[in-house]
């Protein structure tokens, strides 16, 4: 048995997930721990109130907010990241420019977020707004979009571009019909690497975002920390885990 | 200067501007974070007398050391075990990939439930476990990729020469995978010092690490003292990054 270590490590985490699943079907009670045991008087005691509550407007709205923030952020970050990566490949010293753009990304995310909060103080309309969330998330996720795009753009076969030029294609047409399709692998990697974490983002929207925009992650946080409804938090977490597993399985197949 | 270079300069400036603002504003003499009211180090002095901040820094450094050592060791060992292949390797890799992509809130919450069921009180120990769970998959994938690149002839040659397995490991395999292990360790350090979500879910009443301390202060607004703390951290990180880059260039 040579694989006991990773088995133990992954197994420990899977056990944690199993406990989340178990908690999500328990009943919330006012005690410590605030859940009912799985077995009461020799009978299995399960409730599905939490899963039904998921369909309430509160969580559906939050799901909508989450998807909106995630998709808008992914769109902005990947498009700008791709354009920046393209600009970098056009310069004479690409590595220098890449470092210059990525240096602020080495700063821990909380510091970066904090630094941006200081900037938002100068513009009143940006304090606690969705715009602020997008700016900070863009600053945080840019490397995840820029690096894969740059990797595939720098590997692009220049003969393709030259051939298109010889055929008389315009610069814009070359970009759309030759460069973008040939670097789509980098683009899909960038999309995945930005979308997944931004859907589960908690700290940035709660610090700089609009108070009415509630991410699913903040609901888990709130249910656990402020309200103390563990089963509800577990049900939300279970959904999040399921979504992650589905995406990973789908990503592995392609 | 070309058009693309102008655009890149603008973006780079926009990214650095907030940090410049933060550094400059940390030297203000007043309490306002909008207007510079003279130059002084008083917020730095305040910071050095703030015991909460000191506790937070101590805890963060302890966690950093524990996580870098533990995560790198565990990740490397896992990579070796998985490299052997065979039964269940794909499942385990999939499990690690799920751990890697899982939103931090979900990871932290699951571990909280686990420790609660096992009756383990939150504290340094649980925070360390949480950070290991976030960090180890990164190290494992980095080292695993490098191990797969290693030509089998290297080990075979050593074996043919009659070198013992331990010496083969130390003098052939480890030097080959060293770059990946080092990047894994650096990545764990970056993730550990930055870890807010998982740590807060797993921290006890007595344990507040630096990101939590910053978060709690920031929720009440930007202050010159936090500007000073952030500037200190920024300088420390820059020094580490420069050393890492220099070491990286040498060979």
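The values are calculated or read from the model by the stated rules, or taken from the named source; none is laboratory data. In this text the structure is predicted, and so the values were computed from the model without any measurement. Counting neighbours? That spans all protein chains shown, and the Cβs are built from the backbone with ideal geometry, glycine included.
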More than 23 Å from residue A:107 (Cα to Cα) and more than 14 Å from every other protein chain (Cβ to nearest Cβ): which single residue out of A:151, A:164 fits that description?
A:164
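Mind listing just one residue for me: the one in the stretch B:93-127 that is outside any helix (DSSP H, G or I) and within 25 Å of residue A:70 (Cα to Cα) and, of those, nearest to the other protein chains (Cβ to nearest Cβ)? Don't jump to the end; show me each part of the working.
Of the stretch B:93-127, the ones outside any helix (DSSP H, G or I) are B:102-103, B:118-123.
When the remaining residues are screened for being within 25 Å of residue A:70 (Cα to Cα), the result is B:102-103.
Values: B:102: 5, B:103: 2 Å.
Within the stretch B:93-127, the match that is nearest to the other protein chains (Cβ to nearest Cβ) is B:103.
Okay, residues lined up against (1) within 14 Å of chain B (Cβ to nearest Cβ); (2) touching a helix residue (DSSP H, G or I) at 6+ places or on another chain (Cβ under 8 Å):
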position: A:9; (1), (2): yes, yes
position: A:12; (1), (2): yes, yes
position: A:18; (1), (2): yes, no
position: A:26; (1), (2): yes, yes
position: A:42; (1), (2): no, no
position: A:52; (1), (2): no, no
position: A:57; (1), (2): no, no
position: A:66; (1), (2): yes, yes
Filtering the stretch A:119-141 down to residues that are facing another protein chain (nearest Cβ under 9 Å) and either surrounded by 22 or more Cβ atoms within 10 Å (Cβ to Cβ) or not in a helix (DSSP H, G or I) (or both) yields A:121, A:122, A:139
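Conditions (1) out of contact with any helix residue (DSSP H, G or I) (no Cβ under 6 Å at 6 or more places or on another chain); (2) part of a helix (DSSP H, G or I); (3) within 8 Å of chain B (Cβ to nearest Cβ), marked per residue:
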residue: A:175; (1), (2), (3): yes, yes, no
residue: A:193; (1), (2), (3): no, yes, no
residue: A:214; (1), (2), (3): no, no, no
residue: A:235; (1), (2), (3): no, yes, no
residue: A:250; (1), (2), (3): yes, yes, no
Given A:226, A:218, which one is touching a helix residue (DSSP H, G or I) at 6+ places or on another chain (Cβ under 7 Å) and either part of a helix (DSSP H, G or I) or within 12 Å of chain B (Cβ to nearest Cβ) (or both)?
A:218
Out of B:89, B:58, B:76, I need the residue that is out of contact with any strand residue (DSSP E or B) (no Cβ under 6 Å at 6 or more places or on another chain) and within 20 Å of residue B:127 (Cβ to Cβ). Which one?
B:58
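Answer yes or no as to whether residue A:185 is without any contact (Cβ under 8 Å) to a residue 60 or more places away in the chain, under 21 Å from the mean Cα position of the chain (by Cα), closer than 25 Å to residue A:80 by Cβ and surrounded by fewer than 18 Cβ atoms within 10 Å (Cβ to Cβ).
It is true that residue A:185 is without any contact (Cβ under 8 Å) to a residue 60 or more places away in the chain, under 21 Å from the mean Cα position of the chain (by Cα), closer than 25 Å to residue A:80 by Cβ and surrounded by fewer than 18 Cβ atoms within 10 Å (Cβ to Cβ).
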Give the residues of the stretch B:1-58 that are more than 14 Å from chain A (Cβ to nearest Cβ) and part of a loop (DSSP other than H, G, I, E, B), sorted by residue number.
B:29, B:30, B:37, B:38, B:40, B:41, B:50
Of the numbered conditions (1) within 30 Å of residue B:103 (Cα to Cα); (2) more than 10 Å from chain A (Cβ to nearest Cβ); (3) in contact (Cβ under 8 Å) with a residue 24 or more places away in the chain; (4) assigned to a helix (DSSP H, G or I), residue B:237 satisfies every one except a single condition; which is it?
(2)
Taking the criterion of being surrounded by fewer than 19 Cβ atoms within 10 Å (Cβ to Cβ) and under 19 Å from the mean Cα position of the chain (by Cα), would at least one residue in the stretch A:84-101 satisfy it?
no
Per the filter on the stretch B:66-92, residues more than 9 Å from every other protein chain (Cβ to nearest Cβ), surrounded by 13 or more Cβ atoms within 10 Å (Cβ to Cβ) and either assigned to a loop (DSSP other than H, G, I, E, B) or under 23 Å from the mean Cα position of the chain (by Cα) (or both) are B:66, B:67, B:68, B:70, B:71, B:72, B:73, B:75, B:76
Hey, residue B:186 without any contact (Cβ under 8 Å) to a residue 60 or more places away in the chain and under 16 Å from the mean Cα position of the chain (by Cα) or not:
yes
For the stretch A:225-254, what are the residues that are exposed (fewer than 14 other Cβ atoms within 10 Å of the Cβ) and modelled with pLDDT of 90 or more?
A:242
Cβ-Cβ distance below 7 Å, separation of 6 or more or different chains: which pairs start in the stretch A:155-182 with a residue that is more than 23 Å from residue A:79 (Cα to Cα) and end on one that is in a loop (DSSP other than H, G, I, E, B)?
none
In the stretch A:38-57, how many are surrounded by 12 or more Cβ atoms within 10 Å (Cβ to Cβ) and assigned to a helix (DSSP H, G or I)?
4
When (1) surrounded by fewer than 18 Cβ atoms within 10 Å (Cβ to Cβ); (2) over 24 Å from the mean Cα position of the chain (by Cα); (3) modelled with pLDDT under 85; (4) within 14 Å of another protein chain (Cβ to nearest Cβ) are applied to residue A:105, the one that fails is (2)
Could you pull out every one of the helices (runs of 4 or more DSSP H) wholly within the stretch B:128-227 that has 1 or more residues that are touching a helix residue (DSSP H, G or I) at 6+ places or on another chain (Cβ under 6 Å), at negative phi and more than 14 Å from chain A (Cβ to nearest Cβ)?
B:152-160, B:165-168, B:174-194
Mind checking whether some residue in the stretch A:158-181 is within 25 Å of residue B:113 (Cβ to Cβ) and loosely packed, with under 12 Cβ neighbours inside 10 Å?
no
